[in-house]
Every structure is written in C-alpha cells, then in structure tokens.
Amino acid sequence: MRQRVSLQSLFTLSVLAVGMCCGTVGLAYAYWHARQSLQSTVGITFQEIARQSADKAALLLAGEIEWVQRLAALPDPRASVEGAMLPAQTNPQVERWREEQHRYFHSLAIVRADGQLVGGRVNDATRGFYSRQPWWTAVVQQGHSWAGPLTVDEEGSGYWEVAVPIGERGAPVRGVLKVVIGTNRILSSILGSRLGRTGHMMLLDEHGAILACSARAPNLHTPLPESLTHGRTGVPAARWTQVDRDSHGAQGSIIGIAPVVLPSEVAQAPAWSILVQQDPAETFEPLSALLGKLGAFWIGTGVFVVWLRWRLGRRIVRPLGALIQRINQMGGGEYSALLPSSSNRVSGIEEIDRLAASFDELAERLELASQAKAQYLRRVEQANADLATSEEHYRLLWDHSVDTKILVDPLGVIQAMNRRGELTLGRPASTLVHRPVLELVAEAQQVRLQAQLDRVRQSGEDVSAGVMRVPMVGGELTMDVDCVPVKKAGRIESIMVQLRDLTQQKQLEQQLLRSERLASLSQFASMFAHDIRNPLAGIKKTLEWLAGRPEMGQDLPRRCLEDLRFTTDLLLGMINDMLDVYQEHYSGLPLSRSPVATGQLLQETLRLFRFEAEAQGVRFAVRRPSEEVWVWGDGRRLQRVLINLLHNALKYSPPQGTITLTLLVEEASMSCATAACEPSFGSMVMIHIEDEGPGIAPDDVPHVFDMFFRKKDGQDYRIGRGLGLHFCRLVVEAHGGRITAGNRSAGGAVLTVALPVRQEQSCLSPS
C-alpha cells in the first residue's frame, strides 16, 4: 500500500528538492564564473606588471648602454683607436672614469678596427680574439651597439657584455669599446618587486631558461612548460596564461610574461623576458573564501527553504542574483557600479551579505587603483607636455637670437652653436662641435680670447672680450665678443660665447670716411682742373697756330706738332676723366657713343707708348683678327682705359720684357637690347694685356679696381694714387662690359677687358 504524504509535506519536500537542486546549480555556476573572472583579472594584472617591469628593465639596460657610449666618446678612447697608442692596461682617463662613475664595470677593452687591443682594463678570456666574437660584425661592420647575453652564477651574481663603436656617427668605425658590467644592481632593481607573500619576478633567456629569480636560485627551478617557451622569441607584446605546473612545482599557476625590448639601434644578441608568477594558493585565496561562504550559503538555503519556503527563497535568490551580476560586472572591468541592494543590504543571511561586502570592497580597491593609475598617466602626460613646451621655447630663443651663441665647456671646446651662428659663420654646427673655440678668431687674438675664458672660469662673472676678427672664406667678420658663465648648482658647467656682428657697422664707418675723402679730393680735383685747363688750352691754340705756318710744312716738324697736339688733347682728356670719376659717384658717368674700331683704337694707343717702350727696352706683341671689330661706345674714354692698362703694364715690366696684347671675339650667353637707335649684342670682344712683371698678390686681386687702392709697398716709386684702374672699371661697366685681373701661370699680370660687339651691318664702318 502506497504511503500517503500530506500536501504540506509534499510541497515542503518538493520546494526543498527544487531549491536544493537549483541552489546547487546556481552556486556551482557562480563559483565557476567567479573563478573565470578572477583568473582573467589576475592574469591581466600579472601581464601589466610584467610589461612594466620589462619596460623598466629595458630602460635600465639602455641607460647602461648609453653610459658605455659616453665613455666611447671620451677623447682618450678615440685617440687610442686613431693612432695615439696607449698602454693596454694603463689608460688613466678611462680608469678614472670607471672608478668615479661605474665601479661595477668589471672590465673595459678598447679594440681597434683591426682587432688589436689598444687600451682599457681587461680581465676576460677573450683578450686577443675580439675579431672572432659574436659582436664584431654588428659593431665594426654595421656600426651598431651590441648587447650580449646575461650570465648568472648560482649565488645570483651576473655579468653582462656591452660593445659600442668608437667614431663619428655615419663614418667608418674606428674601434670598439667592449665592457663587462656586473648585473647585481640591475637585477635587484628589476626583480626586487614582490606581489603579496609569494608573488615574484624572474628573468628568462631566449630559450625559456631561468637566468635570475628573486625567490630561489635558478638551478632549483623546474623547467617551464614547452607551451610557454615555444615560439616565445620575438613576441611583440606582453601576455598571460595559466600553466599546469610552474617552475616552483605549483599546479594551476597564473603567469604574466613580457619581452625586454632594447632600442632598435642596439643589436640585441639575446631575447630576454620578464615572468611574473604567484603561488596558486595565494592567487585563488579569495576564491577559496568565496567557496566556503557559498557552501555555508548552500547549507543555510536547505534549512531555511523548509522553514520559510517561498519567502525565504526570494530572500536568498535575489542576493545571489545580484552577486552574480556583480561578478559579471567585475569580469567586464566595471568596478564603479554598485549592487542594486547595496544601499539596503539586508538578506537575512550574514554570509551572503559579507560576501557581497567583500566583493564591493574588492571592487572599490580596484576602482581606486584604476583611478590612481589614470591620474598618474595624466600627470606623466602633462609633465611631458610641459617639458616639450619648455624645450621648444628654449630652442626658439636659442636658434632665433640676433647674435651668434656658442656653448663651450670649461676647457673652451665647442659643445653647441645656434642657427644664427651657422648663418653668420657660413659653417654647420656639426663641423665645429668638439673643436676649440679659439680656432674661430684670428690667430693674433687667440691669446686674448683664452685669457678671457680663464677669467670667466676663475671669477664666475660675465666678461667682455672686446672686438675681434673672425676669418671667413673670402674675407673676415668684425665681432664683439662676450663670455657668459652657465652655472648649475652654483658650479660653472659651461661658458656661453656671444658674437655680435659689427661688420656692417665698420663698413658704414669706412664708407663715411671714404665719402669724406671723396668730398675733399673732389674739391681738390675741381680746383686743379680749373687751374690747369686754361694753360693747356693756350698750349693747344699755340700748337694749332704753329701748324698753320708755312715753315712748318716739313714732314718731321709737322709730325712732332701732331704728336704734341695729340698729347695735349689726351692731357685735357685725362683732366676731364678725373672729373668724370667723381661725377660718376654723384650723377653718373656721361658717354658719347658712336661706332669704335677696336683694332684701330689699340694701334693708336700703342703709338703713344712707342718712345717710352723703346727707352725701357720693352717689346709689344699684338695678336688681332684680320677683320676689324666694332663696338658701340665712347672712343675717347675707351682709349683712356687702354692707356691706363698699358701704362701699368709698362710700369711693372722688366727691361727687355714683352707685353702681349690679344684681341679676339668670343660668343656670349648674354644679350643686351637698348634703345631703338642702339644695336643688340650677342658676342664680346676680349682684349687681354699681359706683362712679365711681378704680378698681383692673391689678396690684392679682388681689390685692384677699388678707388684709392694701392700696392702696399712703400719703396716702389711707381705707386699711383689708386684712381686709374678704378676709372677703367667705371668706363667698361658703363659700356655694358666687364674688366678682370689675374696672374699668368708663367709669372706676370693679365688684365682683360670684355665689351659687347657691334653686330649690325650699318655700323661695320663709320658713316
């Protein structure tokens, strides 16, 4: 007979069974979901810690490489590989630097590009076999810095090899500086952080072998799973995973791993990684507590389902639903949202309320950590922005200064120069860096500049060095020099040498002086021309009267009269030309243009010097084309140009010498079109006058056509007043031509006059 059960009992048993089953399933799901969320959160946290530690390690290692590069830039290492041989074990500069800055450098080797050791302190086994080392190709042939493998003994002491090139960037490598660095300090900085009670960091090589661990010696670790190390080399980003067994033998550990990436210009022999792990018991400790609470809740649910049935069930289900929702929110990274019942959290079950409170506390801590991280990142970004702005302001003030600014060290070696200095001196800053600043000024003023630099170092105050000359290509600049100390922490770190260009001011002063001289000479020339013109005119009229006398019809007297009259006309022309020189500086040189036969003009001019040339024993050699060459110009002034040039040639020609006159026509790329009555020119007539004299000093060649320029030889009686060649340039340039001066390879001067050729048929002969 079937046993009968009361409806209340059946309902109670049914509710109990359904409640227990649903509660069991719900609790299992909550535990599983919480475990997954915790694993994800812990994994991401370990991944970020590994990445930050890897970045820190990369910065530390890059800093060590930079220290080695600075050591390689010292003068002694460079001198060692460039020929200034130093004893291999006694390099005082290098050893002093090692003792003061990097005492943990175990050895330093300065190796020339041919593999020969030339300096440093060497105690390694590779001495004499550097060209066979793995870093030789990367450093010597490719010009990269090289970071070698890390070697750690059982006691945790490590050694790290670094090799950097010696020489200018972009130039062939002159040598190598190879350093062995102790890694105790580096490893303690990288692996010193702890995570909770058992969390720590480890350093792995490219094969997944443990190089260093902050918890135990590397030889006490078990091999990592192949799934963790396989294909790990070259991983571009950090990651996390859960392994069955970690290097300490624990099961189910969550591990974060990130590669240590050095700068791209460094040839990295190994591929290191930072691994973060924690004992699984500590990692899942909150989950164990949760499991205990969920178990208590499960038992309480069974008891209270029977007691309170539906009502008590609602009070249990709702907090659990909210708890699951909270777990899902935490898994998605939403830490700031509160449980729906958190403002009135009264479920009647203490464990559930405590569990919810624990999750809220955990969420609050994670939210605070997230906010702190975001605030830190904002401060870093703001600091970087402020630094960039400050650097930009300094750069603008430095480069756009109106004065040349040169930064030198206390010894006077140039460290930097602004953009204005490059433009003023006409030399890029890279060609002046690491050179003495004394080389910029004239040799005679270097002692004075050195004395002022010493005075700045001793007194620490601004010093004015005065006006100095700065040689340039094709001339020199006049600079006002100031020396200003640059202090850091009360100590003179460098000296700012400021150069203010006074060249234009000096040129204006010289122009003013020249104008005053011109004014005085102009007044003198006017008075001289006025006083001598009338007597010369009387002489000319007398000669004309004599020419009309019958007794002067004989051939010889008439030729003499013609020469005297021609010479008188030239003398009057010379006086007028002297006035024209000064008129050119005020109102322009007047020209009376007409067709001029250059060959005939040259022959007529030579006739004036035949007696003087015979007396001196000088011979004229003339080369000219068979056909006459015509130009459009002022014949009288062009003849005066030839007279001045031939006079100078005769003046400096030695006895029995030869003056060569060459007249030829050359095609010109330029053309000139004037008024309708004047022709267009496409060719140039070249008149070369060469002598066999001492020639022109190279420094005087650019100035021979300047007004008042004279040869600096007070014992030469032939020195003029500095007006003849200047007049020649004025006349030639007024005709659209050019005049140049130079020296013959065999000795002697050569002056060349280039004039546009008259091409029109109507002007081939005078009308």
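Below is a table of values for the structure above.
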read-out: Residues being part of a loop (DSSP other than H, G, I, E, B), of a type outside the set (Lys, Arg) and loosely packed, with under 15 Cβ neighbours inside 10 Å - total across the range 415-442; value: 5
read-out: Output for the range 470-497, where each listed residue is in a strand (DSSP E or B), farther than 22 Å from residue 409 by Cα and not β-branched (Val, Ile, Thr); value: 471, 472, 475, 476, 477
read-out: Residues located in the range 613-631, provided they are more than 25 Å from residue 683 (Cβ to Cβ) and in contact with a strand residue (DSSP E or B) (Cβ under 9 Å, 6 or more places away or on another chain); value: 613, 618, 619, 620
read-out: Hey, residue 176 at pLDDT 70 or above and touching a Phe, Trp or Tyr at 6+ places or on another chain (Cβ under 9 Å) or not; value: yes
read-out: Where residue 588 falls short, out of the listed (1) surrounded by fewer than 16 Cβ atoms within 10 Å (Cβ to Cβ); (2) modelled with pLDDT of 90 or more; value: (2)
read-out: Filter pass, residue 500 being farther than 18 Å from residue 409 by Cβ, in contact (Cβ under 8 Å) with a residue 60 or more places away in the chain and part of a strand (DSSP E or B); value: yes
read-out: Qualifying residue in the range 407-414 (condition: at pLDDT below 85 and either more than 21 Å from the chain's Cα centre (by Cα) or part of a helix (DSSP H, G or I) (or both)); value: no
read-out: Filter result (under 30 Å from residue 701 (Cβ atoms) and surrounded by 14 or more Cβ atoms within 10 Å (Cβ to Cβ)) within the range 443-470; value: 445, 446, 468, 469, 470
read-out: Candidates 388, 337, 369, filtered to the one that is over 19 Å from residue 468 (Cβ atoms) and at pLDDT 75 or above; value: 369
read-out: Criterion (touching a residue at least 40 places away in the same chain (Cβ under 8 Å) and either within 18 Å of residue 221 (Cα to Cα) or in contact with a Lys or Arg (Cβ under 6 Å, 6 or more places away or on another chain) (or both)) met by exactly one of 246, 279; value: 279
read-out: Residues being surrounded by 19 or more Cβ atoms within 10 Å (Cβ to Cβ) and not hydrophobic (A, V, I, L, M, F, W, C) - total across the range 46-64; value: 4
read-out: Residue that is nearest to residue 448 (Cα to Cα) [pool: residues in the range 477-494 that are surrounded by 15 or more Cβ atoms within 10 Å (Cβ to Cβ) and in contact with a Gly (Cβ under 8 Å, 6 or more places away or on another chain)]; value: 481
read-out: Wholly enclosed strands (runs of 3 or more DSSP E) of the range 601-709 bearing at least 3 residues under 56 Å from the mean Cα position of the chain (by Cα) and at pLDDT 90 or above; value: 630-633, 658-673, 680-690
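The values are calculated or read from the model by the stated rules, or taken from the named source; none is laboratory data. Small disclaimer: the values here were computed from a predicted structure and weren't measured. All Cβ positions, even for glycine, are placed from backbone atoms using ideal geometry, and neighbour counts span all protein chains on display.
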